[in-house]
1. Once phi is turned into ³J(HN,Hα) by the Karplus curve 6.51 cos²θ - 1.76 cosθ + 1.60 with θ = phi - 60°, what whole-Hz value does each residue of the range 267-274 show in order, with x for glycine and proline?
2. Just how many pairs of Lys in the range 6-86 have C-alpha atoms closer than 27 Å, counting pairs that are eight or more places apart or on different chains?
3. Want the number for Lys80 to Glu205: 0.36 nm per residue separation, take away the alpha-carbon distance, what's left?
4. Only four residue types carry charge here, +1 at the Cβ of Lys and Arg and -1 at the Cβ of Asp and Glu. Report the dipole size of the chain about the Cα centre in Debye, rounded to the nearest 20.
5. Just want the answer: with Cβ charges of +1 for Lys and Arg and -1 for Asp and Glu, which residue in Leu206, Gly190, Gln180 is farthest toward the dipole's positive end in the range 167-265?
6. Give me the percent relative contact order of the range 6-86, please, defined on Cα pairs under 8 angstrom at least 6 residues apart.
7. Once you mark the GluC sites (Glu not before Pro) that are in a DSSP loop and have at most 11 other Cβ atoms within 10 Å, what is the longest gap between them in the chain?
8. Quote the relative contact order of the chain in percent (integer), defining contacts as alpha-carbon pairs under 8 Å separated by 6+ residues.
Amino acid sequence: MNWLNYHHLYYFWKVAKHESFTKAAAELRVAQSAISLQVAQLEDFLGKKLILRSTSKKLSLTEEGQLVFRQAEDIFRQGKELVDGIKEDVLSSSLRFGALGSLSKNLQMQLLRPVLEASHLQLSVDVGDANTLLARLKGFHLDAILCDVPYPHSEDEPLLQRQIAKEHFCLVSRKQKAGQSLAQKLQTNGIYLPAKSNPATAEIELYLASLKSKITIKGYIDDIALLRLLALETDAVAAIPKIGAARELKEKKLIVVHEFRSLFQKFYLVLRQGGNRSSKILKLLEQS
């Protein structure tokens, strides 16, 4: 396999940025003929013309040249990030988070706001299941995971886990009929609960039992966004962390019919144990 000569690509990139062989040669402190030779060798290697030269000395890129230039921009930007990140011990401009598919999007916005507000940082978020995200974290494809249940770990595979938020659970629904009690509404229209694996679900079921009414549990839903939609689109009640329905509550599309004062949904940040990068990410998100 013939490998790309990055020295040739670097010279082409400089010429394209300056739109001039002369200016590129001046910056690189080499003869213009040397740069022309390097670019010509890159074109021969790729088998495509990258630069159009005219008698007016005006330089323009071909379609292939534009594509190569955009790729070169990414390559040399990432190269600079690599050097700066290692030598100066700073976060690179790209932060890669994983998030469980069931996690509240409102919460993600709240927790990641410091990243969104940092103009020098580019955010990427991959949504997936717990095992897939953990494998990507351990393989250095992710920097951190946002989740609502802590991961089990051992001395052989240590993880750094930090509780970074907690939200009150509440029961929400569309407006109740005048004079209708919560017990009556639950008995008539039923309720959707979080997944049975959620530690809060058993506590909510105990509360429902204390009402001494025949209440229909219409389903167990492991997705905060879907619980919110079920409350919006049906007459049933939904048990949900309050932040999961924050906008709808503010706009009065939903109302809180009961709030649990001592029952919370906890949220965690999971990172690789050790290394300065994890501690810097934690410090950044503590601003939220």
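Please treat every number below as a calculation from the coordinates, not as lab data. What you are looking at is a predicted structure, and each value in this text was computed from that prediction instead of being measured. Positions of Cβ are generated from backbone atoms using ideal geometry, with glycine treated the same way; all protein chains shown enter the neighbour counts.
1. Working through the residues one at a time gives 10, 10, 10, 10, 9, 6, 6, x Hz.
2. The result is 20.
3. 39.5 nm
4. So the magnitude is around 900 debye.
5. It is Gln180, whose Cα lies furthest towards the positive end.
6. Answer for the range 6-86 is 27 percent.
7. 1-154
8. 21 percent
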